[in-house]
Structures are given as structure tokens and as C-alpha cells.
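Visitor: Take this structure first; my questions come after.
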Amino acid sequence: MAIFKRKAKAEQVSGEKQGQMQVLKDAFRLTRKHKPIAFLWMALGFVAVLCAGIALGTKLNHPVYFTLISLPLAVLVAFFLFTRQANTAAFLSIQDQMGAGASVLMAIRKGFTTTPAVNVSRNQDMVHRSVGRAGIVLVGEGTSGVRTLLQDERRKMERFVPGVPLSEVIVGEGSGQVSLRKLQKHLKKLPKKLSKTQVREVRNRLKAVGGLSMPIPKGPMPTNRNMKMPKR
């Protein structure tokens, strides 16, 4: 029995390692397509840190010691630069697709539950609904007509869950809008106005409201963790 348990555990660990390698391969492929200059920055960061370590070691008469210390640090800096560029590449790969905002919202692991495309127009303007400690956040993306959809959805929320704090966000690069790559950070910075119990009550009430089923862009999405790329 113990042998079977050890075998099952080994298979689980092996599967997790294969999943992590697949994530790295996807991130590498995505970065090479959308941000090829990222590898130049990685090389520059690696060389700069390594040269600084060697120069400091030579000055202190310990070149070998400081080289051994700066080598893993140089690898860490290069990997950090890669993850930053991979995050940017992930956003570039979906920013022009319908439902990109929903894809970013649904990548938030904690704090918010998102229902995509709760309101959609013929022009493919759409509103997504996120619920968290900040209350209900209505996120619109599309043309200028999305403001009308936001107003309609706000009235609906005020009717179904009166008294719950409501916030509106429009995804875009214009004045008063929030860019796609800053959307997660913007939601997480919103002031917390509800307790965890109140959030659960709001979510239960809104289950009856539901949302439409719309296509969401696929692909690795960035999160707030600097050193890891999320799974698909």
C-alpha cells in the first residue's frame, strides 16, 4: 500500500513539473512573438550584474568569490526581466480581442468574482460584473456607447441589490479610462466597503441575475506575482 502511495505522489509531482514547464514554454513562445526585444534586455541585465560583481570582486581582491555570488543573482535578474516582458506580451496578445477585459478580470485569483458579459450591445460593447470587498464593480469595454450599457446595468443592480456600493470602470487608453494592463491593480486598490459575509450575500443574490455566455480570449494571463506566469 505504501508503495502505491509513493508512486502516486511521484506521479503527481512529475505532473506538476510538466505543467510548470509547459507554462514557461507558452510564455517563451508568446514573448518571442510579441516582445522579441525582451531577450536582449535579459542578456543585458545578466551581463550587467555579472560584470558588476566581477569588477567589485577585483577591486576587493576576491574576483572568484564575487563572481560565484553574482552569477545566481544575474540569473535571477534576467528571469525577473523575462517575466515582466512576458506579462506585457500576454496583454498585447489579447488587447484587441473581444472580451479581453473579462479575461483579465477572471485572472484575479483572490478578492473578486467576475461574471463576464452581463450586458452586450449589437456593436459588441459589453459590461462585466465583478463582486468583492469593494462592492460591485461594473467594467465596460468597447466604444463610447458602453456608457449607456453601464447606466442600464447600474439601474439593474440598484434594483436587485439596493444599498451595495457600485463602481464603474471603462477599459481603454483615453482620459478617465483604465488601461487593460492596469485593470487588475485598479480593482485591488478600490476601498473595501463590505465584509466577507456581506460579499457572500451579494454573490448569492446575483446568482439569479446571471450573465451572457461570451467568448473570452485564451492564453496565459499575468497576475500580481512577479516571478510566476499563470496557467491557461
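Visitor: Mind telling me which of the residues Ala100, Ala107, Ala78, Ala86 ends up being hydrophobic (A, V, I, L, M, F, W, C), under 30 Å from Ala48 (Cβ atoms) and modelled with pLDDT under 85? Lay out the reasoning, then the answer.
Guide: Details: Ala100 fails: under 30 Å from Ala48 (Cβ atoms); Ala107 fails: under 30 Å from Ala48 (Cβ atoms); Ala78 fails: modelled with pLDDT under 85.
Of Ala100, Ala107, Ala78, Ala86, the one residue that is hydrophobic (A, V, I, L, M, F, W, C), under 30 Å from Ala48 (Cβ atoms) and modelled with pLDDT under 85 is Ala86.
Visitor: Which of (1) assigned to a helix (DSSP H, G or I); (2) buried (at least 20 other Cβ atoms within 10 Å of the Cβ) does His128 not meet, given it meets every other one?
Guide: With respect to (1) assigned to a helix (DSSP H, G or I); (2) buried (at least 20 other Cβ atoms within 10 Å of the Cβ), His128 is out only on (1).
Visitor: Can you tell me which residue within the stretch 157-199, out of those that are basic (Lys, Arg) and under 21 Å from Ala117 (Cα atoms), is modelled with the lowest pLDDT? Walk me through how you get there before you give the answer.
Guide: Quick first cut of the stretch 157-199, residues basic (Lys, Arg) only: 159, 181-182, 185, 188-189, 192-193, 196.
After this cut, where a residue has to be under 21 Å from Ala117 (Cα atoms) as well, the list is 159, 181-182, 185, 188.
Values: Arg159: 91, Arg181: 84, Lys182: 88, Lys185: 90, Lys188: 91.
Restricting to residues being basic (Lys, Arg) and under 21 Å from Ala117 (Cα atoms), the top hit is Arg181.
Visitor: Taking into account only those residues within the stretch 32-66 that are surrounded by 12 or more Cβ atoms within 10 Å (Cβ to Cβ) and part of a loop (DSSP other than H, G, I, E, B), which is modelled with the highest pLDDT?
Guide: Once the filter is applied, the top-ranked residue is His62.
Visitor: Take the stretch 131-156 and flag every residue that is aliphatic (A, V, I, L, M) and either in a strand (DSSP E or B) or free of Cβ contacts under 8 Å to residues at least 40 places away in the same chain (or both). Outline the logic, then answer.
Guide: Start the filter on the stretch 131-156 by keeping residues that are aliphatic (A, V, I, L, M), which leaves 131, 134, 136-139, 146, 149-150.
Across the stretch 131-156, the qualifying residues are Val131, Ile136, Val137, Leu138, Val139, Val146, Leu149, Leu150.
Visitor: Answer with yes or no whether Ser121 is assigned by TED's automatic domain parsing to the domain that holds Lys192, hydroxyl-bearing (Ser, Thr, Tyr) and more than 20 Å from Leu180 (Cα to Cα). I'd like the intermediate steps shown before the answer.
Guide: Numbers: assigned by TED's automatic domain parsing to the domain that holds Lys192: yes; hydroxyl-bearing (Ser, Thr, Tyr): yes; more than 20 Å from Leu180 (Cα to Cα): yes.
Yes; evaluated as a whole, the condition is true for this residue.
Visitor: With the requirement that a residue be over 27 Å from Thr197 (Cβ atoms), in contact (Cβ under 8 Å) with a residue 24 or more places away in the chain and either of a type outside the set (Ser, Thr, Tyr) or crowded, with 20+ Cβ neighbours inside 10 Å (or both), what does the stretch 102-125 give you? Give the steps one after another, and end with the answer.
Guide: Keep residues of the stretch 102-125 that are over 27 Å from Thr197 (Cβ atoms), which gives 103-104, 117, 119-125.
Of the ones still in play, those that are also in contact (Cβ under 8 Å) with a residue 24 or more places away in the chain are 103-104, 117, 119-121, 124-125.
Scanning the stretch 102-125 gives Ser103, Val104, Ala117, Asn119, Val120, Gln124, Asp125.
Visitor: Follow-up. Which residues, counting only those in the stretch 173-198, are in a helix (DSSP H, G or I) and under 16 Å from Ile108 (Cα atoms)? Full working, then the answer.
Guide: We begin by selecting, within the stretch 173-198, every residue in a helix (DSSP H, G or I); these are 180-188, 196-198.
Selection gives Leu180, Arg181, Lys182, Leu183, Gln184, Lys185, His186, Leu187, Lys188.
The values are calculated or read from the model by the stated rules, or taken from the named source; none is laboratory data. Every value quoted in this text rests on a predicted model; they were computed, and no experiment measured them. Reconstructed Cβ throughout: ideal geometry from the backbone, glycine too, with neighbour counts over all protein chains shown.
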